[in-house]
Protein chains: 2
Amino acid sequence: MVKRNKNLARLVAGYLFPEINRRKKEFLKKNPDAKIISLGIGNTTEPISSYILNGLHGKVARLGTIEGYSGYGDEQGITELREKIAEKLYKGLVKGDEVFVSDGAKCDIGRLQTMFGNEVTIAVQDPSYPVYVDGSVISGVTGDFDEARGQFADIAYMRCCPENNFFPDLKALPRTDLIYFCSPNNPTGAVATREQLKELVEFARKNHSIIIFDSAYSEYIADPSLPKSIYEIEGAREVAIEVSSFSKPVGFTGVRLGWTVVPDQLKFDDGTPVRNDWNRVMTTIFNGASNISQYGGMAALEEEGLAEMRDKISFYMENARIIKEALKNKGVKIYGGDNAPYVWAQFPGRKSWDVFTEILEKCQIVTTPGSGFGPAGEGFVRFSAFGHREDFVEAVRRLEAW
Amino acid sequence: MVKRNKNLARLVAGYLFPEINRRKKEFLKKNPDAKIISLGIGNTTEPISSYILNGLHGKVARLGTIEGYSGYGDEQGITELREKIAEKLYKGLVKGDEVFVSDGAKCDIGRLQTMFGNEVTIAVQDPSYPVYVDGSVISGVTGDFDEARGQFADIAYMRCCPENNFFPDLKALPRTDLIYFCSPNNPTGAVATREQLKELVEFARKNHSIIIFDSAYSEYIADPSLPKSIYEIEGAREVAIEVSSFSKPVGFTGVRLGWTVVPDQLKFDDGTPVRNDWNRVMTTIFNGASNISQYGGMAALEEEGLAEMRDKISFYMENARIIKEALKNKGVKIYGGDNAPYVWAQFPGRKSWDVFTEILEKCQIVTTPGSGFGPAGEGFVRFSAFGHREDFVEAVRRLEAW
């Protein structure tokens, strides 16, 4: 018979978010009248704004005409969109043909793992977005899960906690081929400063490592002194890939559109540009993002679209402010939520899943247990700023009564 | 420095279709006035029909409203769509929760290769759609490319040619874990009969192999005696995965929507249902197909949508008839084109790329060189039936003058 892939057998628990959903459904079965407020998964809730919506409608309409119909496009994305991303979001720090459009950051991370293969070593922030670890386990670069430590063997975990201002101690870190780094961070809401990113880039240059920089939340950065892209740091083009997304800034979580930047200067040990292999992967096992989504993305990068994007972000950041305030008033120690749509709430001495369960049962609010993001997330839960305003107002009322 | 993935280094040539595109662009540079007709890549050309288009428009419109907006959905697809696929396209032979909706068959094949890992053995039809081989090379299950044979080591190539009616001699085939099988076949246009598929299923059952059955062109089958799905064969649910797509039947090549069926009964050697690992892969490194595309898919499976689908297929099959007729009149030996949108034209004693070049230069028609699909495709070129009617009429005129 066909042998099961031993890497998949290593993944003991289910992927975090379906597990939360399962527990939520279980709770609803027992409490069918509960009015649950979901501040768990970072799922956008507000309608797509009109100018961007017109971009989507426009392409659908054109698909119904002989002149406007298009089938397979370039797997790397529509040239105009690639150039718009380079110009509007990177201010020319990258070139259009270094931008590869995709169906989202999570999927790109999976494909990057396919590209790098199973002989690379990796470092991840702890806590971090689950796909860096889970996808790496599937691609075969890790050892077994150590139940006691809550960690996989052969991963260098970079602990990010209040004690180190959520920036890892790089001097204590072994050299690895890949370094996954997310800023603004999911789940902690921490944003790396320019100095910190300089340190990271220097570390990668010294070690000939490649940083996989996840900037999916960069548009949530309000403080102009904080870098939105790794390429704002000198020397990053030789050591960093950047993965990003339209999901959070314009509500395309369900529409599906993201991108990955692979600069020309990034090379493997044999001198092969990483870009070549990425292009080969994207043209072989991917077939382009939906052309409808891509037209929505183009609309989002025009002046009107960018204005709508800023409005949407302001809306969600007001939610973050509201929930932060409420938690502060309860005496909960909180982090993040200033330049990121996540509030990272600390419950010292308690288990994340216990806090998750208590908040679900007492307040009918779904959060995300911090330990689901890695062992250093134990004792925290994450509140997402994505939700309708009235739900935040109601959540605050319930938290006050808690 | 980071070592290049040795599997990617094994892929000597570029992916076939970008290479054809490159040669076409090169030709256009030298002949800027040439009016090229592309019968190469199987890319749909006709506008999306009105009922299905309304399905797409409808979801875009709802994304602009509070009630209709949706963000992340289930990674496996909208339940209603999964059930509609099971009911309308499989007549209940599979269940909705065995259907996993995706952004397309090519991408699903890449993810299946990720799921099975690098320790499986594989068999592919020769010739075949390139992603089975190229994706397998990337996932690390093959050896090096043998230039002389035009084959990768560690792949069992199942020769499909006029001499065996395009069905492989299974008795001569070694046992492999996976058997990629595409019917209606891309590129040969051959459709396996019920008897042949019974033989294939029996072979897989005897060997405890898993068939990855690609039925992306099944809706093009006109002859009611030919099976559209592997699950029409008794015993297939224990040995087969089926990958399929909305691309060709409704012109969603650019919209991106496909699915994969993994039946409950399919198990790994340790008893784990394959479905479990597929679910884990789909929820970990994928994030759902675009919700807009999914609503288009739902419209396509309502009565009005199905009627439009049949019209679209009739249109392209008339193109196939036209090109077949013209090639026959030229005395070219042809196969396929009756229950599949591909005509497989044989040019004995000639090299496929030479014929490709000659047809490009003499007729300004882009075809696909058969050898690009594997060594057994040498001496053939593939004509696609996808194109505007006037282009086929013009192509026939040029072929007659050739």
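All but one of (1) among the hydrophobic types (A, V, I, L, M, F, W, C); (2) more than 17 Å from the chain's Cα centre (by Cα); (3) open to solvent by 10 Å² or more (accessible area, probe 1.4 Å) hold for A:Phe166; state the number of the condition that does not hold.
(2)
For residues that are more than 22 Å from B:Arg280 (Cα to Cα) and of a type in the set (S, T, N, Q), scanning just the stretch A:108-163, find the one that is least open to solvent (accessible area, probe 1.4 Å).
Here the answer is A:Gln125.
Criterion first (in the same structural domain as B:Ile122 (by TED's automatic domain parsing), of a type outside the set (Phe, Trp, Tyr) and over 30 Å from B:Val201 (Cα atoms)) does B:Ile285 satisfy it?
Against the criterion (in the same structural domain as B:Ile122 (by TED's automatic domain parsing), of a type outside the set (Phe, Trp, Tyr) and over 30 Å from B:Val201 (Cα atoms)), B:Ile285 qualifies.
Please verify whether B:Thr188 is of a type in the set (Ser, Thr, Tyr) and open to solvent by 10 Å² or more (accessible area, probe 1.4 Å), treating the condition exactly as stated.
The answer is no for B:Thr188.
Just give me the residues in the stretch B:341-355 being buried (at least 19 other Cβ atoms within 10 Å of the Cβ) and in contact (Cβ under 8 Å) with a residue 60 or more places away in the chain, in sequence order.
B:Pro341, B:Tyr342, B:Val343, B:Trp344
Of all the residues that make up the stretch B:204-238, how many are among the aliphatic types (A, V, I, L, M) and out of contact with any strand residue (DSSP E or B) (no Cβ under 6 Å at 6 or more places or on another chain)?
The total comes to 5.
Taking the stretch B:257-287 as the search range and keeping residues that are open to solvent by less than 10 Å² (accessible area, probe 1.4 Å) and assigned to a loop (DSSP other than H, G, I, E, B), which one is nearest to the other protein chains (Cβ to nearest Cβ)?
B:Phe268
Within the stretch B:364-378, is even one residue open to solvent by less than 30 Å² (accessible area, probe 1.4 Å), in contact with a Lys or Arg (Cβ under 9 Å, 6 or more places away or on another chain) and farther than 19 Å from B:Ile41 by Cβ?
The answer is yes, given that some residue of the stretch B:364-378 is open to solvent by less than 30 Å² (accessible area, probe 1.4 Å), in contact with a Lys or Arg (Cβ under 9 Å, 6 or more places away or on another chain) and farther than 19 Å from B:Ile41 by Cβ.
Suppose the filter is open to solvent by 50 Å² or more (accessible area, probe 1.4 Å), touching a helix residue (DSSP H, G or I) at 6+ places or on another chain (Cβ under 9 Å) and in the same structural domain as B:Pro369 (by TED's automatic domain parsing); does B:Asn21 pass it?
no
When you go through (1) open to solvent by less than 40 Å² (accessible area, probe 1.4 Å); (2) under 26 Å from A:Ala61 (Cβ atoms) one by one for B:Asp391, which number turns out not to apply?
Among (1) open to solvent by less than 40 Å² (accessible area, probe 1.4 Å); (2) under 26 Å from A:Ala61 (Cβ atoms), the lone unmet condition for B:Asp391 is (1).
Can you pull out the residues in the stretch B:78-99 that are over 15 Å from B:Glu232 (Cβ atoms) and not charged (D, E, K, R)?
If the condition is that a residue be over 15 Å from B:Glu232 (Cβ atoms) and not charged (D, E, K, R), then B:Ile78, B:Thr79, B:Leu81, B:Ile85, B:Gly96, B:Val99 are the ones that fit.
Only one of these is among the aromatic types (Phe, Trp, Tyr), in contact with a helix residue (DSSP H, G or I) (Cβ under 8 Å, 6 or more places away or on another chain) and within 24 Å of A:Gly140 (Cβ to Cβ): B:Phe152, B:Phe167. Name it.
None of the other options fit; the residue is B:Phe152.
Report, by residue number, each residue of the stretch A:239-260 that is among the aliphatic types (A, V, I, L, M), within 25 Å of A:Lys206 (Cβ to Cβ) and within 15 Å of the chain's Cα centre (by Cα).
A:Ile241, A:Val243
Of everything in the stretch A:57-97 that's surrounded by 15 or more Cβ atoms within 10 Å (Cβ to Cβ) and among the β-branched types (Val, Ile, Thr), which residue is nearest to the other protein chains (Cβ to nearest Cβ)?
Looking at the filtered set, the residue picked out is A:Val60.
Taking the stretch B:288-340 as the region of interest, how many residues are touching a Ser or Thr at 6+ places or on another chain (Cβ under 9 Å), open to solvent by less than 30 Å² (accessible area, probe 1.4 Å), more than 13 Å from chain A (Cβ to nearest Cβ) and outside any helix (DSSP H, G or I)?
2
So which residues in the stretch A:112-122 are touching a strand residue (DSSP E or B) at 6+ places or on another chain (Cβ under 8 Å) and in contact (Cβ under 8 Å) with a residue 60 or more places away in the chain, if there are any at all?
Residues satisfying the conditions are A:Leu112, A:Phe116.
Among the candidates A:Arg149, A:Arg175, A:Arg194, single out the residue that is within 14 Å of chain B (Cβ to nearest Cβ) and out of contact with any strand residue (DSSP E or B) (no Cβ under 6 Å at 6 or more places or on another chain).
Criteria check complete, one pass: A:Arg175.
Only one of (1) modelled with pLDDT of 95 or more; (2) open to solvent by 50 Å² or more (accessible area, probe 1.4 Å); (3) assigned by TED's automatic domain parsing to the domain that holds A:Ala320 is not met by A:Phe27, so which one is it?
So A:Phe27 meets the others, but not (2).
Only one residue in B:Lys198, B:Lys171 is of a type in the set (Lys, Arg), open to solvent by 10 Å² or more (accessible area, probe 1.4 Å) and free of Cβ contacts under 8 Å to residues at least 12 places away in the same chain. Which one?
Answer to the selection: B:Lys171.
Out of the stretch B:363-390, which residues are part of a helix (DSSP H, G or I) and within 20 Å of the chain's Cα centre (by Cα)?
Answer for the stretch B:363-390, where residues must be part of a helix (DSSP H, G or I) and within 20 Å of the chain's Cα centre (by Cα): B:Gly370, B:Ser371, B:Gly372, B:Phe373, B:Pro375, B:Ala376, B:Gly377.
Among the residues of the stretch B:81-98, write down those that are part of a loop (DSSP other than H, G, I, E, B) and of a type in the set (D, E, K, R).
B:Lys91, B:Lys95 - these are the residues of the stretch B:81-98 that are part of a loop (DSSP other than H, G, I, E, B) and of a type in the set (D, E, K, R).
The values are calculated or read from the model by the stated rules, or taken from the named source; none is laboratory data. Here the structure is a predicted model, which is why all the values come from computation and not from measurement. A quick note on method: Cβ atoms are made from the backbone with ideal geometry, for glycine too, and the neighbour counts reach across all protein chains shown. Ligands, DNA and RNA are excluded from the accessible area calculation, which covers all protein heavy atoms including side chains. Shrake-Rupley method; radii C 1.70, N 1.55, O 1.52, S 1.80 Å.
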